[in-house]
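Novice: First, the structure itself, so that you have it in front of you.
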There are 2 protein chains.
Amino acid sequence: MRALIANGHGGAEVLELRADHPDPVPEAHDLLIEVHACALNPVDTKIRMGALGEREAPFVLGFDVSGVVRALGSDVTDFDVGDEVYAALSLIRDGACADLVCVDARLAARKPRRIDHVHAAALPLVTLTAWEALFDRCRLGTDEVALIHAGAGGVGHVALQLAKQRGARVLTTAGRPETQALCRKFGADVVIDYRESDFVAAVMEETQGLGCAVVFDTVGGDVFDRSLDCVAVNGRMATIVFNESTSITPKLFAKSATLHFEFMGVPGIHGVGRDRHAEILRLAAEFADMETLRPHVGRVISLDEVAAAHADLEAGRSIGKTVVQLR
Amino acid sequence: MRALIANGHGGAEVLELRADHPDPVPEAHDLLIEVHACALNPVDTKIRMGALGEREAPFVLGFDVSGVVRALGSDVTDFDVGDEVYAALSLIRDGACADLVCVDARLAARKPRRIDHVHAAALPLVTLTAWEALFDRCRLGTDEVALIHAGAGGVGHVALQLAKQRGARVLTTAGRPETQALCRKFGADVVIDYRESDFVAAVMEETQGLGCAVVFDTVGGDVFDRSLDCVAVNGRMATIVFNESTSITPKLFAKSATLHFEFMGVPGIHGVGRDRHAEILRLAAEFADMETLRPHVGRVISLDEVAAAHADLEAGRSIGKTVVQLR
């Protein structure tokens, strides 16, 4: 099969398109999927760089997939050959930048019917991340105020839509006119231009000095530290960015607040909570079909453009999801 | 009235017994309580030292009370004069080391009927802390495994009983034969002698290397840091001890785990969630009457012994709660 393999850890130059990579063989719980589309995520570049541990080369990246079931492992009962499915793949197995990929059926769900494979592939990883962070962990409630950083970003734009659907008031941050417009399109109540103003001051002004019941950090670094100041008394913050901050306790203790680390890779890596991933994807498919969850695909590329897209992703140049269309 | 006042911040020598301290005057939402018993907690010594901010002298410590309502503020409707009540008092108002104290009625509940004022006074602060940490924040589930540190301590012995009542499997730590025996009496499934063995290794062995779904740190310092290693994938840890650890993210991120800071003073300080405190105390009173929650009173003292008891508390010499009996 065609596959974009990484021939080792390093920069985008380790990626290499091969026409004759061996087909994957499904294990007992697996679906063998014919990949129609696969989306790129920051985690692709991290795994490529070796930041999530040493991996034996060659390996395949691309952990969001939408496609058609071509074969079933012996223990699979919930799917049939020919089903259109979508999933976020295990981060420790081969990904979907290839004609075929295997996924544990317990992580997969039928794809939304009203959107195509390209748009369906843009959803799983960011939706699982946003859903787990906002709903399963922070338990965002109707009428609560949420600060969601980078509302035009991959995770951000899905989080923003989910939070609005839940009934929350949503504050978000964006630095460019086009990303600010996107945030408004996705329903943000307040869009803070973080280049023009101090977002902490803006959040405190918008919340009468109370801060936000829920804060979702999708940026990290200094944004993480300053976001701790935006958490209300009894508030909950979730982060998806690794950060060795020393401010966590000093800023959260007296507020009796909570910090959730959200890493959506856990079910695929540890085999814990796979069913919940499939359940979230089934619910998200309904939302997508009702158009209350709209993935923002910024660019559709082919397999031989993925290396260049990795560089764009690392430079923060891309807006919306980059999706690889395979057929 | 009699009152043990602090004439400034500092060591136990700032405490001074006065026979003629002015009676407190109830505000609109207050109950005026005739104090029958008041329990000491580590927070007393912290406030005495000024660690929770500068306070105008003279001030009164003692934030756990059980007593009888003697007068009602104009807005109080749920209580009558003569009611026997118990409460954890606001940490920013005067405490109960005195004949009379005022408490916001929304923080108070009727005292358990089957235990006396001395035992009732031992419950509120530690019960609110343990309840909020284990149930409201960590959402400890039946059949989950919890590590509760210092199971013979003030918060620990209540947390242990609550966790057992919830149906969890409970591991705890204790260093002396008499405290280990207490942990067993309160229902601990596994008591780890932290002086004889590495508690992290013991926890991992007891959990087949999985760690605990819930970890409750009541000790802080090195125990906090090492407890992060005991948290399972998707686990939740709560701490009640301020700690500028740099290990939080490195140890919790990849496990997609949660850290809750539990500070029970929030409702009394910020006026947020007072009703929940009263509700917890009502439920705890039922548990106490059913003897599924038994406060461990180690020592009953008089008002003029409080200064010495502060020193014992700070030196870690006391076992069980120290309660001041006033009448």
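Novice: Please tell me if A:Ala121 is under 27 Å from A:Asp23 (Cβ atoms), more than 14 Å from every other protein chain (Cβ to nearest Cβ), modelled with pLDDT of 95 or more and touching a helix residue (DSSP H, G or I) at 6+ places or on another chain (Cβ under 8 Å).
Specialist: Considered against the rule, which asks whether it is under 27 Å from A:Asp23 (Cβ atoms), more than 14 Å from every other protein chain (Cβ to nearest Cβ), modelled with pLDDT of 95 or more and touching a helix residue (DSSP H, G or I) at 6+ places or on another chain (Cβ under 8 Å), A:Ala121 comes out as no.
Novice: Going through A:Val219, A:Val155 one at a time, which residue ends up being of a type in the set (A, V, I, L, M), closer than 27 Å to B:Ala254 by Cβ and buried (at least 24 other Cβ atoms within 10 Å of the Cβ)?
Specialist: Sole residue among the options that is of a type in the set (A, V, I, L, M), closer than 27 Å to B:Ala254 by Cβ and buried (at least 24 other Cβ atoms within 10 Å of the Cβ): A:Val155.
Novice: State all residues of the stretch B:204-221 that are more than 22 Å from B:Ala152 (Cβ to Cβ) and of a type in the set (Phe, Trp, Tyr); if no residue qualifies, say none.
Specialist: None; the set is empty.
Novice: So B:Gly53 clears everything in (1) more than 16 Å from the chain's Cα centre (by Cα); (2) in contact (Cβ under 8 Å) with a residue 40 or more places away in the chain; (3) within 21 Å of B:Leu4 (Cβ to Cβ) except one condition, right? Which one?
Specialist: Result: B:Gly53 passes all but (2).
Novice: Right, here's the next one. Suppose the filter is under 21 Å from the mean Cα position of the chain (by Cα), buried (at least 23 other Cβ atoms within 10 Å of the Cβ) and under 23 Å from A:Val118 (Cα atoms); does A:Ala3 pass it?
Specialist: So A:Ala3 fails the test.
Novice: Would the stretch A:196-212 turn up any residue that is within 27 Å of B:Glu132 (Cβ to Cβ) and within 11 Å of chain B (Cβ to nearest Cβ)?
Specialist: The answer is yes, given that some residue of the stretch A:196-212 is within 27 Å of B:Glu132 (Cβ to Cβ) and within 11 Å of chain B (Cβ to nearest Cβ).
Novice: Continuing with this model, one more query. Looking at this structure, is B:Val126 more than 14 Å from chain A (Cβ to nearest Cβ), buried (at least 18 other Cβ atoms within 10 Å of the Cβ) and closer than 26 Å to A:Arg236 by Cβ?
Specialist: Criteria met by B:Val126.
Novice: Any idea how many residues of the stretch A:193-217 are in a loop (DSSP other than H, G, I, E, B) and either touching a residue at least 60 places away in the same chain (Cβ under 8 Å) or within 24 Å of A:Glu262 (Cβ to Cβ) (or both)?
Specialist: 4
A quick yes/no check of all residues on (1) surrounded by fewer than 20 Cβ atoms within 10 Å (Cβ to Cβ); (2) over 23 Å from A:Phe253 (Cα atoms); (3) modelled with pLDDT of 95 or more; (4) touching a Lys or Arg at 6+ places or on another chain (Cβ under 7 Å):
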position: B:Gly271; (1), (2), (3), (4): yes, no, no, no
position: B:Arg274; (1), (2), (3), (4): yes, no, no, yes
position: B:Glu279; (1), (2), (3), (4): yes, yes, yes, no
position: B:Arg282; (1), (2), (3), (4): yes, yes, yes, no
position: B:Leu293; (1), (2), (3), (4): no, yes, yes, no
position: B:Arg299; (1), (2), (3), (4): yes, yes, yes, no
position: B:Glu305; (1), (2), (3), (4): yes, yes, yes, no
position: B:Lys321; (1), (2), (3), (4): no, yes, yes, no
position: B:Leu326; (1), (2), (3), (4): no, yes, yes, no
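Novice: Which of the residues spanning the stretch B:302-317 are assigned to a loop (DSSP other than H, G, I, E, B) and closer than 22 Å to B:Tyr86 by Cα?
Specialist: Selection gives B:Ser302 alone.
Novice: Give the residue, chosen from B:Arg70, B:Arg93, B:Arg55, B:Arg18, that is among the basic types (Lys, Arg), surrounded by fewer than 23 Cβ atoms within 10 Å (Cβ to Cβ) and closer than 20 Å to B:Arg113 by Cα.
Specialist: B:Arg70
Novice: Among the residues of the stretch B:252-301 satisfying the criterion of being assigned to a loop (DSSP other than H, G, I, E, B) and of a type in the set (Ser, Thr, Tyr), which is farthest from the other protein chains (Cβ to nearest Cβ)?
Specialist: For the stretch B:252-301, the residue satisfying everything is B:Thr292.
Novice: Taking A:Gly220, is it in a loop (DSSP other than H, G, I, E, B) and in the same structural domain as A:Arg113 (by TED's automatic domain parsing)?
Specialist: So A:Gly220 does not fit the description; no.
Novice: Go through (1) surrounded by fewer than 19 Cβ atoms within 10 Å (Cβ to Cβ); (2) farther than 15 Å from A:Ala150 by Cα; (3) not polar (S, T, N, Q) one by one and return the number of the condition A:Ala213 breaks.
Specialist: Single failed check for A:Ala213: (1).
Novice: Across the stretch A:150-186, what is the total count of residues that are in a loop (DSSP other than H, G, I, E, B) and under 19 Å from the mean Cα position of the chain (by Cα)?
Specialist: 5
Novice: For the stretch A:226-246, which residues satisfy the criterion of being surrounded by fewer than 20 Cβ atoms within 10 Å (Cβ to Cβ), within 9 Å of chain B (Cβ to nearest Cβ) and over 15 Å from A:Phe261 (Cβ atoms)?
Specialist: Across the stretch A:226-246, the qualifying residues are A:Val233, A:Thr246.
Novice: Quick check on my filter: what residues within the stretch B:59-117 are in contact (Cβ under 8 Å) with a residue 12 or more places away in the chain and of a type in the set (S, T, N, Q)?
Specialist: B:Ser66, B:Ser74, B:Ser90
Novice: Report those strands (runs of 3 or more DSSP E) wholly inside the stretch B:41-111 carrying at least 2 residues which are within 20 Å of B:His21 (Cβ to Cβ) and either outside the structural domain of B:Ala307 (by TED's automatic domain parsing) or touching a helix residue (DSSP H, G or I) at 6+ places or on another chain (Cβ under 9 Å) (or both).
Specialist: So the answer is B:64-72.
Novice: Quick check: is even one residue across the stretch B:260-267 in contact (Cβ under 8 Å) with a residue 60 or more places away in the chain, under 25 Å from A:Thr246 (Cα atoms) and in contact with a His (Cβ under 7 Å, 6 or more places away or on another chain)?
Specialist: Scanning the stretch B:260-267 turns up no residue that is in contact (Cβ under 8 Å) with a residue 60 or more places away in the chain, under 25 Å from A:Thr246 (Cα atoms) and in contact with a His (Cβ under 7 Å, 6 or more places away or on another chain).
The values are calculated or read from the model by the stated rules, or taken from the named source; none is laboratory data. Quick caveat, the model's predicted, so the values are computed rather than measured. Every residue, glycine among them, receives a Cβ derived from its backbone with ideal geometry; neighbour counts consider all protein chains shown.
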